[in-house]
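The values are calculated or read from the model by the stated rules, or taken from the named source; none is laboratory data. Note that the structure is a prediction, hence the values are computed from the model and not measured. Methodologically, a virtual Cβ is constructed for each residue, glycine included, from the backbone with ideal geometry; neighbour enumeration extends over all protein chains shown.
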């Protein structure tokens, strides 16, 4: 049982870290999209970020849209770690190229969030099979067979 509880704790810590990474990538994507949607605004508000992000995710990725709905607070917390001005400063000085760059960077961040979610789902399937294997360890009896000759 000790192995099963350690495996569950490991699984929960991995999930927590992956959720933080997904939330950070989604927040960055929302910053790019919000700037694009609000006339290349340099410092979009959190409401603008969430609105632009949810509008884009609704048409694109159901799994991430559900993640945003369930973990909205975690995505909002990422504003403490992401500086909108630093993220947008170089892009907004590009003139007419800024629109394409903002869209592309937002899509790249969403793709990265999808990739992390896919990796997390695969890992959770593997860990589920490891958990079953750790429980099965105590169900079987080991018998040593020796071939003896004269």
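Number of residues in segment 1-31 that are buried (at least 18 other Cβ atoms within 10 Å of the Cβ) and within 14 Å of residue 79 (Cβ to Cβ) equals 9.
Looking at the structure I just gave you, is residue 62 modelled with pLDDT of 90 or more and over 17 Å from residue 24 (Cα atoms)? For residue 62, the condition - modelled with pLDDT of 90 or more and over 17 Å from residue 24 (Cα atoms) - is not met. For segment 81-123, the tally of residues that are assigned to a helix (DSSP H, G or I) and touching a helix residue (DSSP H, G or I) at 6+ places or on another chain (Cβ under 7 Å) stands at 21. A residue that is assigned to a loop (DSSP other than H, G, I, E, B), more than 19 Å from the chain's Cα centre (by Cα) and more than 17 Å from residue 105 (Cβ to Cβ) occurs nowhere in segment 64-76. Residues that are surrounded by 12 or more Cβ atoms within 10 Å (Cβ to Cβ), closer than 30 Å to residue 127 by Cα, under 18 Å from the mean Cα position of the chain (by Cα) and in contact (Cβ under 8 Å) with a residue 24 or more places away in the chain are absent from segment 34-56. State whether the residues of segment 66-79 include one that is more than 13 Å from residue 20 (Cα to Cα), touching a residue at least 40 places away in the same chain (Cβ under 8 Å), buried (at least 18 other Cβ atoms within 10 Å of the Cβ) and touching a helix residue (DSSP H, G or I) at 6+ places or on another chain (Cβ under 6 Å). The answer is no; no qualifying residue exists. When segment 124-150 is filtered for residues that are at pLDDT 60 or above and either in contact with a helix residue (DSSP H, G or I) (Cβ under 9 Å, 6 or more places away or on another chain) or within 28 Å of residue 84 (Cβ to Cβ) (or both), the ones remaining, listed by number, are 124, 127, 128.
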